[in-house]
Amino acid sequence: MIDKSGVAAEAVLAEIRALRAADWPTHGGRLFAYVYDPAVPGLDELAAAAHRESAHVNGLDPTAFPSLLAMENALVGAAATVLGGGPGTAAPDVVGSVTSGGTESLILAVKAARDAHPEITEPRIVVPSSAHAAFAKAAHYLRVALDVVPVSPATLRPDPAAMAAAIRPETVLVACSAPSYAHGVVDPVAEIAAAAAAAGVRCHVDACFGGWTLPYLRRLGAPVPAFDFAVPGVTSISVDLHKYAYAPKGVSVLLHRDAALRAPQYFAYADWPGYTMINPVIASTRSGGPIAAAYATLRHLGDDGYLALAERTRDAVAGLADAVRGVDGLRLMAEPESTVVCFTATEGGPDLFVLVDELTARGWHTQPQLSYADLPASVHLTVTAAVAPRVAEFGPDLADAVAAARSAGPVALPPELLALTTSLTPGALTPELVAGLAAGLGLDAGAVDRMAVVNTLLNAAPPALRERLLVEFVGLLQRPTW
Ligand SMILES: *Cc1c(COP(=O)(O)O)cnc(C)c1O
């Protein structure tokens with residue numbers, strides 16, 4: 001890796017481009033997860049130039065680099081404005097922080113809620129089962145207990161009364177989603193926030209995914225329920241700028257209704273011989289690059305730009321949903337109400353994991369979701385503006401892929417493998433066993449052509465075993481090269 005004499009700049013870039021060739025396409029509207037592409041000419045170049053301007057600026061100290069403080073404050077102001085806060089609104093005192101992503105925003109929302117109550121020795125949070133896994137990560141990192149309220153299989157939403165009933169004296173936070181990542185449905189925020197407020201508990205709305213689209217979809221006439229600071233009882237909201245604000249990766253915003261709610265989010269430390277550390281977020285040294293790139297993106301697209309992108313996305317969602325409705329053997333998990341299309345198979349329909357592979361073979365990269373509790377396995381499509389020009393091609397390819405999946409039939413796991421996944425306890429899983437399994441599945445070689453076998457195997461395993469298997473599989477991939 002470190003050559004004695006170093007490698008010429010052009011050659012290094014050529015190496016990176018060659019590596020990138022194996023990646024799924026970040027642009028072009030055929031990848032329905034991980035990436036958010038507005039397909040606006042020149043935007044990538046602008047964001048990259050802005051990133052370059054501020055890449056070496058350090059967010060550790062806002063007094064040393066006022067440029068970063070100014071851009072962060074502007075991003076927080078913009079996010080608050082989109083989400084019903086700011087002068088003249090129901091939340092005039094809203095404040096916030098720029099974080100590295102949705103997960104960090106959620107960890108910090110939980111931390112602030114926990115640390116606001118040092119007298120509660122065993123704090124808990126209440127979330128719907130559809131809440132993003134980052135809440136579980138936050139609970140795990142922060143040693144906060146997680147009370148999960150199941151969502152109804154019919155509506156994919158939690159019952160507000162059940163959320164209210166789950167609140168205990170030790171509860172420091174109640175959370176809900178607008179919308180949920182998996183299915184794209186908006187939780188009953190007003191009822192949940194009212195129950196939290198009645199109990200004197202904070203309520204976080206996770207709008208990481210949809211915070212930047214729902215308000216624009218509403219302006220376009222969609223029946224979006226109230227979910228932001230206009231709702232009494234909502235104390236904090238997260239929104240990822242690296243999702244539908246179309247900024248490059250590494251920027252989310254966590255908003256609090258007022259500064260007192262945010263105060264316990266900070267970490268300050270003066271009890272060492274170095275500089276006094278005051279961090280609003282988890283990272284200490286932080287690059288200004290992503291912040292400047294997000295700033296440039298928001299400034300350049302503007303309100304009209306976001307409205308036009310939301311309109312294009314809405315039309316793409318409608319077209320994709322129509323394509324799903326038009327194929328026998330599939331059904332939508334929910335009528336789309338945001339920018340997700342999520343479907344499952346009907347009785348006698350195709351095997352979804354085989355279908356996902358057939359779609360991949362046709363250049364469409366969708367996201368399989370394993371069965372969970374009483375929810376069936378499903379296929380998730382995150383839809384962005386770049387998908388719009390591709391929609392007409394999707395329908396025929398979907399029908400074709402379904403036909404191919406039907407004739408291929410479901411994956412038949414070798415009986416001994418199936419027995420293993422259903423009987424094995426996570427603790428009994430040795431690295432050797434997993435290595436053998438991975439080799440048998442062709443996973444040790446890195447990229448896998450047909451993921452259906454892996455997904456079928458994981459789908460057969462209970463969640464705790466899925467977790468252990470994936471940790472071991474990914475651990476096998478993440479090995480140094482020499
Ligand atoms: C993406 C997402 C997160 C996590 O965000 P990251 O940026 O991936 O850390 C949290 N909640 C929801 C609803 C999301 O869609």
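Residue-level check: of (1) open to solvent by less than 30 Å² (accessible area, probe 1.4 Å); (2) within 16 Å of the ligand (Cβ to nearest atom); (3) within 24 Å of His300 (Cα to Cα), Tyr34 misses just (1). Among helices (runs of 4 or more DSSP H) entirely within segment 403-482, having at least 1 residues that are within 19 Å of Gln367 (Cβ to Cβ) singles out 452-460, 463-477.
Provide a single number: the residues in segment 281-337 that are open to solvent by less than 10 Å² (accessible area, probe 1.4 Å) and of a type in the set (Gly, Ala, Ser). Here the count works out to 9.
Could you go through segment 62-82 and let me know if any residue there is over 25 Å from Asn279 (Cβ atoms), in the same structural domain as Ser238 (by TED's automatic domain parsing), open to solvent by less than 60 Å² (accessible area, probe 1.4 Å) and modelled with pLDDT of 95 or more. Looking for residues that are over 25 Å from Asn279 (Cβ atoms), in the same structural domain as Ser238 (by TED's automatic domain parsing), open to solvent by less than 60 Å² (accessible area, probe 1.4 Å) and modelled with pLDDT of 95 or more, one finds at least one in segment 62-82, hence yes. Which one of Glu104, Glu45, Glu10 is of a type outside the set (Gly, Ala, Ser), buried (at least 20 other Cβ atoms within 10 Å of the Cβ) and not in a loop (DSSP other than H, G, I, E, B)? Exactly one of Glu104, Glu45, Glu10 is of a type outside the set (Gly, Ala, Ser), buried (at least 20 other Cβ atoms within 10 Å of the Cβ) and not in a loop (DSSP other than H, G, I, E, B), namely Glu104.
Among the residues making up segment 254-274, those that are free of Cβ contacts under 8 Å to residues at least 12 places away in the same chain and assigned to a loop (DSSP other than H, G, I, E, B) are Ala270, Asp271, Trp272, Pro273, Gly274. Just one residue in the set Ala109, Ala165 is touching a His at 6+ places or on another chain (Cβ under 7 Å) and either under 23 Å from Val231 (Cα atoms) or not hydrophobic (A, V, I, L, M, F, W, C) (or both); that residue is Ala109.
Among residues of segment 112-138 being within 20 Å of the chain's Cα centre (by Cα) and buried (at least 23 other Cβ atoms within 10 Å of the Cβ), the one that is farthest from the ligand (Cβ to nearest atom) is Val126.
Which of the residues spanning segment 140-181 are in a loop (DSSP other than H, G, I, E, B) and over 19 Å from the mean Cα position of the chain (by Cα)?
First pass over segment 140-181, keeping only residues in a loop (DSSP other than H, G, I, E, B): 143-144, 150, 152-157, 159, 167-170, 178-181.
Result: Arg143, Val144, Pro150, Ser152, Pro153, Ala154, Thr155, Asp159, Ile167, Arg168, Pro169, Glu170.
Take segment 147-156 and flag every residue that is surrounded by 16 or more Cβ atoms within 10 Å (Cβ to Cβ) and under 25 Å from Pro169 (Cα atoms). Within segment 147-156, Asp147, Val148, Val149, Val151 qualify.
The values are calculated or read from the model by the stated rules, or taken from the named source; none is laboratory data. Worth saying up front: this structure is predicted, and the values here are computed from it rather than measured. Heads up, the Cβs are rebuilt from the backbone with ideal geometry, glycines too, and the neighbour counts pull from every protein chain shown. All accessible areas refer to the heavy atoms of the entire protein, side chains included, with ligands and DNA or RNA removed. Shrake-Rupley method; radii C 1.70, N 1.55, O 1.52, S 1.80 Å.
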